[in-house]
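Below is one structure, written out as structure tokens; comments come after it.
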Amino acid sequence: MSRAIEGIAAAPGKAIAPAWRGGWKLPPVAHRTIEPREVPKEVGRFHAARASALEEVRRLGAATLERFGVFEGKVFESQAMMIEDPDLVDGTLSYITQNFLSAERAFDWRILELRVGFLNSPHAMALDRLVDLEDVRSRVLGELLGLKEPGMSPEAVKGPVILVADEVTPSQAAQLDPKHVLGFVAGGGSRGSHSVLLARSLGIPAVVGVGHRIDEIAEGVTLLIDGGSGRLIVDPSAEHVKKLRMATERASERRARLVLRVGHPTTTADGVAIVVDANLDQPEEAQAARRLGARAIGLFRSEFLVIGRRSIPGEQEQYETYREVVEAFPKHGVTLRTFDIGGDKFPMFLSMPPDENPYLGWRAIRVCLDLPELFGNQLRAAVRAAAHGKLRILLPFISSVDEVRRTRELLREIQVSVGGEGGPVELGVMIEIPAAIETLDLIAPYVDFLSLGTNDLTQYVLAVDRGSARLASLYDPLHPALFRMYGRLVREAGRWDLDLSVCGELAGDPVGAGVLLGLGYRHFSVGLACLPEIQEVVRSVSCADLKAVCDDLSEAESGEQIRSSVESYLGTRDGFDGAAASSL
Ligand code: PEP
Ligand code: MG
């Protein structure tokens, strides 16, 4: 009989196929002690296993880079770093040399300790690295025990299937062929894991964090998954299957249509010009953003330069990177966001204090203003890159005018010291903390533009952790409190004549974009995957109609009510396919 299981929505899309209990599990590692004279041999075995594992990880990294691109190729760099991490290596060696444990037992023990450390870390990102740790564990132990993982090649899989496993490691995800494995479901895992990142690159849906209910999914049973809502249906009814088939066909026709229209003007049906820019997480994505018709880079996150690094990145390296992106968009340029570290992203060169509530802690502008070397390097590099095109500097996590004033002063000094080698830059702030909206009149005189970050604003307005799976249903960027704030913000920004864009994920959701257009927003910056869809939504709607829909929602009691009203309107337009977008 058909039954539903809820998990974490990790990679969007829907699929239906028989469940395949693939994956691979190492047998439990037996407790084995050694004689003191055997110590050198065990140490040697451990180092040899580590060396082979490292070689294999590097090979996989190179193959992934070739198959997917630079961003995905980097996934395996963090595993290589783990294999060489002194904490892991020295800890294992000490269990061999001092506790006389066999190499495999010593290594497994150390991994277990690190795993507990990751689980108890106050940084949400540590949870995302658990699958990498599991991958490293399997690889090194496989070497020590002489066991070889069967792999996920099309011959091994014989699809089409949906992979169901306790964990799906990045190594497994990188080998999947989307023609054979239409999606995956994992008992563990988190939204930000490398396995999920690879699922998104493959364009297959993924649902993770299903917990012990993963055991209810038997080999071969028909499984329907919706990676957008996190819902699975085991043994779906004929009605479910029909609904999905229709939605899938419509979605693929639509994708084909959208690709042909990339680069067409983004003007609404009632003639309002809307700016659609792209968000970048890596400089290598700039060319793809151009191909997808982005006007400019509306949000260039710079954290990739610091996360996972053991030292502060130098000014010259940053300058070259920023310049490369500025030059890729010679007409409208780049909005570079200064380091938004802390929260869920922490670099290794900062020994971050373990904040009780990292999202309410030492993060972003707070870190930068406290560390002049880090911030100064970045601002200098940005000012120099601005000599080659248009560059705007965007400050994240602003909660007071004092932070803006201090940055302005620093920027002024830097512009003087860089002299003729630099170019002019505009300075703007992210609106992602309620205090910034409340005190916009104080901040406005010091800034040139604003960018609305709906992801963080939602968590701070609703007191809901954006990464919490348990609270996911409460994390609603269309909650009436936010809907009203968005309205107030656009009116206030208009009073100060400030350019206001939206770079949070709400702008990349067709319904969210519809709401924002109805409220008066005219400038979006969205992830690459959302660009064609949002361009098309813009072309198909009328701002006047959406304004009327939103005016009627001023007393809406729930985000659902707001969503369904705008969704119904979009359903009447050509450019939107509600059936393809709706969840199961
Ligand atoms: C936001 O908070 O909406 C935003 C765009 O920033 P990030 O998701 O990088 O925190
Ligand atoms: Mg943010």
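The values are calculated or read from the model by the stated rules, or taken from the named source; none is laboratory data. Note that the structure is predicted; figures quoted are calculated from it, not measured. We place every Cβ from the backbone using ideal geometry, glycine too, and count neighbours over all the protein chains shown. These area figures cover heavy atoms from the full protein model, side chains too; ligands, DNA and RNA do not enter into them. Shrake-Rupley method; radii C 1.70, N 1.55, O 1.52, S 1.80 Å.
When Glu149 is tested against (1) under 18 Å from Pro27 (Cα atoms); (2) open to solvent by 50 Å² or more (accessible area, probe 1.4 Å); (3) at pLDDT 95 or above, just one condition goes unmet, and that condition is (3). Out of Ala19, Ala63, Ala15, Ala49, one residue alone is part of a helix (DSSP H, G or I) and surrounded by 15 or more Cβ atoms within 10 Å (Cβ to Cβ). It is Ala49.
More than 30 Å from Leu202 (Cα to Cα), in a helix (DSSP H, G or I) and either of a type in the set (Lys, Arg) or at pLDDT 90 or above (or both): is that true of Ala80 in this structure?
Details: more than 30 Å from Leu202 (Cα to Cα): no; in a helix (DSSP H, G or I): yes; either of a type in the set (Lys, Arg) or at pLDDT 90 or above (or both): yes.
In short, no.
Going residue by residue through the stretch 420-428, is there one that turns out to be of a type in the set (A, V, I, L, M, F, W, C), closer than 30 Å to Met485 by Cα and within 16 Å of ligand 2 (Cβ to nearest atom)? No, that holds for no residue. Residues that are in contact with a Pro (Cβ under 6 Å, 6 or more places away or on another chain), at pLDDT 95 or above and either within 14 Å of ligand 2 (Cβ to nearest atom) or farther than 15 Å from Ser302 by Cβ (or both) within the stretch 318-343 comprise just one, Arg337. Contact annotation: residue pairs with Cβ atoms under 6 Å, 6 or more positions apart or on different chains, pairing a residue in the stretch 455-466 that is on the phi < 0 side of the Ramachandran plot and open to solvent by 40 Å² or more (accessible area, probe 1.4 Å) with a partner that is within 10 Å of ligand 2 (Cβ to nearest atom) and not in a helix (DSSP H, G or I), are Tyr460/Ile433. No other residue among Gly230, Gly220, Gly189 is open to solvent by less than 10 Å² (accessible area, probe 1.4 Å) and at positive phi apart from Gly230.
Might you let me know whether the stretch 442-451 holds any residue that is within 13 Å of ligand 1 (Cβ to nearest atom), in contact (Cβ under 8 Å) with a residue 60 or more places away in the chain and open to solvent by less than 60 Å² (accessible area, probe 1.4 Å)? Show your work before the answer.
So in the stretch 442-451, the residues within 13 Å of ligand 1 (Cβ to nearest atom) come out as 450-451.
From what is left, the residues that are in contact (Cβ under 8 Å) with a residue 60 or more places away in the chain are 451.
Subsequent filtering for residues that are open to solvent by less than 60 Å² (accessible area, probe 1.4 Å) retains 451.
Looking for residues that are within 13 Å of ligand 1 (Cβ to nearest atom), in contact (Cβ under 8 Å) with a residue 60 or more places away in the chain and open to solvent by less than 60 Å² (accessible area, probe 1.4 Å), one finds at least one in the stretch 442-451, hence yes.
Flag set for Leu519, criterion: away from ligand 2 (no atom under 16 Å from the Cβ), open to solvent by 10 Å² or more (accessible area, probe 1.4 Å) and among the hydrophobic types (A, V, I, L, M, F, W, C).
Of the residues making up the stretch 390-406, just one is in contact with an Asp or Glu (Cβ under 6 Å, 6 or more places away or on another chain) and away from ligand 2 (no atom under 16 Å from the Cβ), namely Arg392.
I'm trying to understand the selection: among the residues of the stretch 397-410, which are surrounded by 18 or more Cβ atoms within 10 Å (Cβ to Cβ) and away from ligand 1 (no atom under 16 Å from the Cβ)? Across the stretch 397-410, the qualifying residues are Val401, Glu403, Val404, Thr407. For first residues located in the stretch 376-398 and closer than 17 Å to Gly333 by Cβ, partners that are of a type in the set (Lys, Arg) and lie 6+ apart or on another chain with Cβ distances below 6 Å form the pairs Ala385/Arg323; His388/Arg323; Leu394/Arg337.
Does the stretch 446-473 hold any residues that are assigned to a loop (DSSP other than H, G, I, E, B), more than 14 Å from ligand 2 (Cβ to nearest atom), modelled with pLDDT of 95 or more and not aliphatic (A, V, I, L, M), and which are they?
Residues of the stretch 446-473 that are assigned to a loop (DSSP other than H, G, I, E, B), as a first pass: 447-448, 453, 463-471.
After this cut, where a residue has to be more than 14 Å from ligand 2 (Cβ to nearest atom) as well, the list is 447-448, 463-464, 468-471.
After this cut, where a residue has to be modelled with pLDDT of 95 or more as well, the list is 447-448, 463.
Within the stretch 446-473, just Asp448 meets the criteria.
Would you mind stating whether Val161 is open to solvent by less than 50 Å² (accessible area, probe 1.4 Å), farther than 22 Å from Glu56 by Cβ and touching a strand residue (DSSP E or B) at 6+ places or on another chain (Cβ under 6 Å)? Yes, satisfied.
Give the stretch 498-516 a look and list any residue that's open to solvent by 10 Å² or more (accessible area, probe 1.4 Å), within 14 Å of ligand 1 (Cβ to nearest atom) and either touching a His at 6+ places or on another chain (Cβ under 9 Å) or among the basic types (Lys, Arg) (or both), or say none. The one that is open to solvent by 10 Å² or more (accessible area, probe 1.4 Å), within 14 Å of ligand 1 (Cβ to nearest atom) and either touching a His at 6+ places or on another chain (Cβ under 9 Å) or among the basic types (Lys, Arg) (or both): Leu500. Kindly check whether there is at least one residue in the stretch 567-584 that is of a type in the set (S, T, N, Q) and either touching a Cys at 6+ places or on another chain (Cβ under 8 Å) or crowded, with 19+ Cβ neighbours inside 10 Å (or both). The answer is no; no qualifying residue exists.
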